[in-house]
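Below is one structure, written out as structure tokens, with a few remarks after it.
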Amino acid sequence: MGSDLKAKFLEVYAALKSELLNDPAFEWTDDSRQWVDRMLDYNVPGGKLNRGLSVIDSYKFLQEGKELTDDEVFLACALGWCIEWLQAYFLVLDDIMDSSHTRRGQPCWYKLPKVGMIAVNDGIILRNHIPRILKKHFRGKPYYVDLLDLFNEVEFQTASGQMIDLITTLVGEKDLSKYSLPIHRRIVQYKTAYYSFYLPVACALLMSGENLDNHVDVKNILIEMGTYFQVQASVIKQLTIMILDDYLDCFGAPEVIGKIGTDIEDFKCSWLVVKALELANEEQTKFLFENYGKEDPACVAKVKELYNALNLRGVFEDYESKSYEKLITFIEAHPSKAVQEVLKSFLGKIYKRQK
């Protein structure tokens, strides 16, 4: 079913794109239509599509084995694509803010010839496509206003998480003493967990006629899961680079790791540095303060040596198993078997993953 579902999902992308390229609210020219067509294909469908596909998976679980109608599949796919559009909007702008070079194994959109800062407006267009899709396909639904509310709220939470991340790593104000687990958790929770974990399930719940106010416990479990996922992602990336350093004496080819992991150079508030600060003695802390956030490869290597000395890999493995046990306990306490299935399917996708 997996490949069939993905094929169906991509069919719906083509249909939505065609509608957007013929949106009657704008007088299109050939040039403008070609630009948006290329911009969408470059930025929207290129990732793993996990967030979008999760809407359909979750909706199927909530229907408890009932065969979905073509209309239900289309609508669930459309909501999935709204999340992928939201993700594309965030990433296009995020890459500019971070001065990134690559995304998903190819140059960032703003890095392409003739694009440059037009990408800022493209990000705004991507954002504005979401209510266009919702209006066209959901306006007559009883949950239409709830959908609009949900997307607006999650976008606000994500942008606010990005803001904390950006002001915590202000260039010229490199102060490691500001970094702590609560700060790290807040960044990860708002910047990633809401739109990547809660939003797909919330969309499926609304489509199933549920009131989101009755599912605060589901939201909390998904936010917890999203936080764990983000810690895992950054740790795997950093450890992969450290392994490549050991064997290849280089920083890891971008094609191996995807987006180049430069948390140490970029003075990022990562789980690894927060844990290191928590576990380090006075001398090691001073050492971290002196070397973290420097472009110099020698400083980066010293930070990585300290990570190894503090056995952060082992500390992470311990965190991983405790997080899993806690999440399973929360999930199994939920009264609805269908909701348990939704949550377990999410956890199954991320626990002990390698990339």
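Listed here are the residues, each with its yes/no results for (1) within 30 Å of Leu277 (Cα to Cα); (2) charged (D, E, K, R); (3) at pLDDT 95 or above.
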| site | (1), (2), (3) |
| --- | --- |
| Leu126 | no, no, yes |
| Leu134 | no, no, yes |
| Phe151 | no, no, yes |
| Ile164 | yes, no, no |
| Glu173 | yes, yes, no |
| Leu176 | yes, no, no |
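Contact map, region 259-273: first residue over 22 Å from Trp109 (Cβ atoms) and among the hydroxyl-bearing types (Ser, Thr, Tyr), second residue at pLDDT below 85 and in a loop (DSSP other than H, G, I, E, B), Cβ cut-off under 7 Å, separation 6 or more or different chains; pairs are Ser270/Asp263. Scanning region 320-355 for residues that are open to solvent by less than 60 Å² (accessible area, probe 1.4 Å), more than 16 Å from Ser54 (Cα to Cα), assigned to a helix (DSSP H, G or I) and not acidic (Asp, Glu) yields Ser321, Ser323, Leu327, Ile328, Ile331.
Scanning region 89-111 for residues that are surrounded by fewer than 16 Cβ atoms within 10 Å (Cβ to Cβ) and touching a strand residue (DSSP E or B) at 6+ places or on another chain (Cβ under 9 Å) turns up just one, His101.
One residue alone among Asp41, Asp57, Asp94 is free of Cβ contacts under 8 Å to residues at least 60 places away in the same chain and out of contact with any His (no Cβ under 6 Å at 6 or more places or on another chain), and that residue is Asp41.
Across region 112-145, the qualifying residues are those that are over 27 Å from Asp98 (Cβ atoms) and not in a helix (DSSP H, G or I), and the one among them that is least open to solvent (accessible area, probe 1.4 Å) is Tyr143.
Scanning region 51-71 for residues that are in a helix (DSSP H, G or I) and over 22 Å from the mean Cα position of the chain (by Cα) yields Lys60, Phe61, Leu62, Asp70, Asp71. Under the condition of being over 28 Å from the mean Cα position of the chain (by Cα) and either within 15 Å of Lys174 (Cβ to Cβ) or among the polar types (S, T, N, Q) (or both), the residues counted in region 276-286 number 4.
Rundown of residues vs (1) within 22 Å of Leu53 (Cβ to Cβ); (2) open to solvent by less than 40 Å² (accessible area, probe 1.4 Å); (3) more than 12 Å from the chain's Cα centre (by Cα), yes/no style:
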residue: Leu147; (1), (2), (3): yes, yes, yes
residue: Glu153; (1), (2), (3): no, no, yes
residue: Phe156; (1), (2), (3): no, no, yes
residue: Ile164; (1), (2), (3): no, yes, yes
residue: Leu176; (1), (2), (3): no, yes, yes
residue: Leu181; (1), (2), (3): no, no, yes
residue: Lys191; (1), (2), (3): yes, no, no
residue: Tyr194; (1), (2), (3): yes, yes, no
residue: Cys203; (1), (2), (3): yes, yes, yes
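If you scan region 188-237, which residues turn out to be among the aliphatic types (A, V, I, L, M) and touching a Gly at 6+ places or on another chain (Cβ under 6 Å)? Within region 188-237, just Ala193 meets the criteria. In region 19-50, the residue that is farthest from Ser208 (Cα to Cα) out of those that are open to solvent by 60 Å² or more (accessible area, probe 1.4 Å) and either in a loop (DSSP other than H, G, I, E, B) or small (Gly, Ala, Ser) (or both) is Thr29.
Looking across Lys352, Lys294, one residue alone is on the phi > 0 side of the Ramachandran plot, under 27 Å from the mean Cα position of the chain (by Cα), of a type outside the set (A, V, I, L, M) and modelled with pLDDT under 90. It is Lys352.
In region 227-270, the qualifying residues are those that are on the phi > 0 side of the Ramachandran plot and either under 20 Å from the mean Cα position of the chain (by Cα) or buried (at least 17 other Cβ atoms within 10 Å of the Cβ) (or both), and the one that is modelled with the highest pLDDT is Phe267.
The values are calculated or read from the model by the stated rules, or taken from the named source; none is laboratory data. Only a predicted model underlies this, so the values are computations on that prediction, with no experimental measurement involved. A quick note on method: Cβ atoms are made from the backbone with ideal geometry, for glycine too, and the neighbour counts reach across all protein chains shown. Note: accessible area is taken over every heavy atom of the protein model, side chains too, but ligands, DNA and RNA are not part of it. Shrake-Rupley method; radii C 1.70, N 1.55, O 1.52, S 1.80 Å.
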